[in-house]
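The values are calculated or read from the model by the stated rules, or taken from the named source; none is laboratory data. All values reported here derive from a predicted model rather than from experimental measurement. Here the Cβ positions follow ideal geometry from the backbone for every residue, glycine too, while neighbour counts run over all protein chains shown.
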Amino acid sequence: MTAEVSDDLKECIVHWYNVKLLTMEEIRDCSGCSIGLVHKVISNYRDIGQVRNPFKHQTGHPPSLSNDDLLFVSALLDANPSIYLDEMQQKLRDICEVHVSIPTISRALHQINLSRTLSFVLPSWF
């Protein structure tokens, strides 16, 4: 799963293409995005005048953790960088009343680019 690209970056892509007259390859190198994303953003802007397609529907299972839950997890990690995933799971359960598995937390952290500092530990009952 790739991280969501902000609308601000998409606006920059359109600006670089239309005003600065950069090629899609140059924009790819500047933005760090794939050539496919650059093409899709420019196509959306040409077709509907927006960088984000308002007609696209979210598919798949809804996320187990809301944006507020992810902010909570991020704040937990800021306050205690060496917190274990099972401790995070317990705090989510106790404070946010969210019941998710350790792999779900791990995937969510990877999605928001916070996975590099975490450790995995088996629960004491294991």
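Being over 22 Å from E4 (Cβ atoms) and not hydroxyl-bearing (S, T, Y) is the filter; apply it to segment 74-85 and report the residue that is surrounded by the most Cβ atoms within 10 Å (Cβ to Cβ).
L85
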Q. Do you know which of the residues in segment 88-126 that are of a type in the set (K, R) and within 13 Å of S64 (Cα to Cα) is modelled with the lowest pLDDT?
A. R107
Q: With the checklist (1) under 17 Å from S6 (Cα atoms); (2) surrounded by 16 or more Cβ atoms within 10 Å (Cβ to Cβ); (3) over 18 Å from the mean Cα position of the chain (by Cα) in hand, flag the one item M88 doesn't pass.
A: (1)
Q: Looking only at segment 1-42, count how many residues are under 30 Å from A108 (Cα atoms) and either touching a Gly at 6+ places or on another chain (Cβ under 8 Å) or free of Cβ contacts under 8 Å to residues at least 40 places away in the same chain (or both).
A: 25
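Can you pull out every residue in segment 54-73 that is surrounded by fewer than 14 Cβ atoms within 10 Å (Cβ to Cβ) and within 18 Å of the chain's Cα centre (by Cα)?
Step one: list which residues in segment 54-73 are surrounded by fewer than 14 Cβ atoms within 10 Å (Cβ to Cβ), which gives 54-62, 66-68, 71.
Result: K56, H57, Q58, T59, G60, H61, P62, S66, N67, D68, L71.
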